[in-house]
Amino acid sequence: MSSEPSELDEKIQSAAKLSQKITNALKQKSKKKLEQASEEFNSRIKNNENEEEERTLQAEIKREARRDEIRKQWKRY
């Protein structure tokens with residue numbers, strides 16, 4: 001046997017390199033998708049928190065308006 005790599009060895013080595021490139025590309029793509037999904041998720045959480053805060057403030061405003069209305073009715077008597 002010769003010490004030079006055979007054609008089959010070269011093809012195997014080339015296929016392994018190509019496989020590694022594909023694997024790395026897929027990892028990068030998955031990483032980007034994961035980061036994007038994470039950003040979307042965090043954005044939705046923030047939006048939900050803001051909506052809940054807005055609902056709480058609106059409810060507080062309504063309660064205060066109702067209290068004022070009750071106070072006005074009591075003052076009439």
Inset, instruction - In debye, nearest 20, what is the charge dipole magnitude of the chain about its Cα centre with +1 on Lys and Arg Cβ and -1 on Asp and Glu Cβ, if you could check? - result: 820 debye
Inset, instruction - Along Cα→Cβ, 7 Å out, is where each label goes; now give me the distance between the ones at Lys17 and Glu69 in nm to one decimal. - result: 7.9 nm
Inset, instruction - Normalise the Cα radius of gyration of the chain by 2.2 N^0.38 Å (N = residues in it) and let me know the number. - result: 2.88
Inset, instruction - Under 18 Å Cα to Cα from Lys21, which aspartates and glutamates show up? Leave out anything in the same chain fewer than 8 places away. - result: Glu10
Inset, instruction - Excluding residues on the same chain fewer than 8 positions from Lys46, give the lysines whose Cα lies under 29 Å from its Cα. - result: Lys27, Lys29, Lys31, Lys32, Lys33, Lys62
Legend entry - On Cα atoms only, tilt of 7-76 relative to the major axis of the chain in degrees: 0 degrees
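Since every read-out is calculated from the coordinates, none of them should be taken as a lab result. Source: prediction; values computed, not measured. Because the Cβ atoms are built from the backbone with ideal geometry, glycine has one as well, and the counts that use them run over all protein chains shown.
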